[in-house]
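The structure appears below as C-alpha cells.
The values are calculated or read from the model by the stated rules, or taken from the named source; none is laboratory data. These numbers were taken from a predicted model, which means no experiment stands behind them. Positions of Cβ are backbone-derived with ideal geometry, glycine not excepted, and every protein chain shown enters the neighbour counts. Please note that ligands, DNA and RNA were not included when accessible areas were found on the heavy atoms of the full protein model with its side chains. Shrake-Rupley method; radii C 1.70, N 1.55, O 1.52, S 1.80 Å.
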Amino acid sequence: MRLAEALRDQAASCGRMGSPFMVDLLTLLARHWPEGSALDACCARFKGDIGPAGHSLPLRLAGGLHALVLSGRDPELKACYPPQAPGTEALRTALLAALARHEPFLIDWMTSPPQTNEVRRSAALIAGAAVALAHVDRPLELSELGASGGLNLLWDHFALEAGGTRIGPADPALTLRPEWRGPPPPAARPRIAAREGVDLNPLDPTDPADLLRLTAYLWPDQPERLALTRAAAARASGPVTRGEAIDWLAARLAQPRQGHLHLIQHTVAWQYFPEAAQARGRALIEATGARATPEAPLAWLSMESDGDRSGALGAALVLRLWPGDLHLALGRADFHGRWIDWRWPPQS
C-alpha cells in the first residue's frame, strides 16, 4: 500500500468514526505529499502494511502534527486546528509549511507507533473481565501487552454504564457510557491482586512530554476523548515496564500465582507486533494455558482488528479461558470505544 492510498484509507476510516477534521487533514496530505523530501524517505523505509491495520503511518503523521499544535510549537498550524475553522485552503498552506519547517521533529516522531492509550477501550475490558470472573471467581493478576501509559490497566477505577447495568466503584475516576447493543454484561466486583504492563516505549502520564504524546494521537475535533484521557491520567497509572512484549510475558507466565486468575489483556496493540512475535506469543499463551489448573487459571482478553480495514465493523472482542481452552466470542467494539456490540451470552 503506497502512502497516498494509506492516507485516503485512513481518512475514510476517520470519517466513519466521526472526525471530519481528520478527513480533511489526511486528504490534504494525500494530495499534497512532499515527495522526494527526507520525511518521504523516512516513510518509504517502512515495509509491509503501512495503513490502519499495520504500521499506521497516517496516524503517526497526524499525531506528530497535533503535537506541534498542542505544544504551541507552530502557531500558524494551531490557528487552523479545531475549534478554529479557517477553511481548507488555509489548512493546506499551514500544513505544507509545517511539514517543511518541522521535518526533523516529524521524522523523529514517526519512529514510534501510535500510543493513544484510549481509555474508552476500558469499557470492553471491564465487560470482558466480568465474563471471565463469572467463570472463574478469583483475584486478578493483570498483564497488559502494549500498555503505553498504563491507563487501561486501571479499568477497575472506572465505571461502565451499559445495557441498564452499572459496573464500577462508587467514586470512579471517570464513567464510560458507550452506545451499548445487546444484553448487559455480568455484574462483577473485581479484586486486583497485581497489575503490570509492558511497552517498547512506555509513557508516564505524569510527565508533560509523555502526556503530550498520549494526547497528540487523540483527534483534534473530539475534545471529549482529551477530557477522559486527562481525567484518567490525573488519577494514576499502572506500572509499565520497557521491553519486548513476548519476552516480558514469558517471564510473567513462568511464575503462576496460586489462587489468582492471570488475565492477559491488550487492545489494538497486537497488530503492531511483528508476525514472528505474534506467532511466538500465541504459542506461549496456549502452552501456558494447557498447563493451567483450577488453582492457577489463565485468561486472554483481546480487542483487536481481525482484518476489517474500514473500521466500520470495529475490533473483535475475544476471551479465552483455561483450563479447558474456552473460546468466547464476546462481540465487537468500536476502535475508540464509542460503541460495543455485545453478543454474550450467545442468543439461541
Computed FRET value (nearest 0.05) for ARG45 with GLU295, which takes r as the C-beta separation and R₀ as 41 Å: 0.25
Where GLU161, GLU103, GLU295 fall by accessible area, highest first, once all protein chains stay in place (1.4 Å): GLU295, GLU161, GLU103
Cα→Cβ-extended label distance, 7 Å offset, between GLU244 and ALA85, nm: 4.9 nm
ARG257 - accessible surface, heavy atoms, 1.4 Å probe, Å² rounded to 10: 100 Å²
Residue (of ALA209, HIS66, ALA251) at the positive-pole extreme of the chain, dipole from beta-carbon charges: ALA251
Charge dipole (debye, nearest 20) of the chain; +1 at Cβ of Lys and Arg, -1 at Cβ of Asp and Glu: 420 debye
For the stretch 139-273, diffusion coefficient by Stokes-Einstein and Kirkwood Rh (Cα), 20 °C, 1.002 mPa s, µm²/s: 133 µm²/s
Translational diffusion coefficient (Stokes-Einstein; Kirkwood radius from C-alpha pairs) of the stretch 272-329 at 4 °C, 1.567 mPa s, in µm²/s: 102 µm²/s
For the stretch 41-85, Kirkwood radius (reciprocal of mean inverse C-alpha pair distance, Å): 11.9 Å
CD proxy at 222 nm, helix term only [per DSSP H run n ≥ 4: -39500 (n - 2.57); per residue of the chain; nearest 500]: -11500 deg cm²/dmol
Sites ALA287 and GLU224, calculated FRET efficiency, Cβ-Cβ separation with R0 45 Å, nearest 0.05: 0.60
Whole-percent carbon and sulfur share, accessible surface of the stretch 117-260, 1.4 Å: 50 percent
Along principal axes, Cα extents of the stretch 156-217, largest first, whole Å: 40, 29, 23
Distance in nm between pseudo-label sites at ALA170 and ALA277 (7 Å out along the Cβ direction from Cα): 4.3 nm
Sites ASP306 and ASP137 - FRET efficiency at Förster radius 35 Å, r taken between beta-carbons, to 0.05: 0.75
Charge context of PHE105, other residues only, Cβ under 10 angstrom, K/R +1, D/E -1: -1
Rh by Kirkwood over Cα pairs, then Stokes-Einstein D for the stretch 75-161 at 1.002 mPa s and 20 °C, µm²/s: 128 µm²/s
For the chain, convex hull of alpha carbons as volume per residue, Å³: 128 Å³
Local electrostatic count, ILE50, Cβ distance below 11 Å [Lys/Arg +1, Asp/Glu -1]: +1
Probe 1.4 Å - accessible area at ARG235, Å² to nearest ten: 110 Å²
Amide N proximity, the stretch 44-79 versus LEU313 label position 7 Å along Cα-to-Cβ, cut-off under 17 Å: 52-54
Whole-angstrom Cα spans of the stretch 117-200 along principal axes, big to small: 38, 27, 24
Solvent-accessible heavy-atom area per residue, rounded to whole Å², over the stretch 1-115 at 1.4 Å: 43 Å²
Percent RCO, i.e. relative contact order, over the chain, from Cα pairs under 8 Å lying at least 6 residues apart: 18 percent
Antiparallel DSSP beta bridges within the chain, as percent of all bridges there, nearest 5: 45 percent
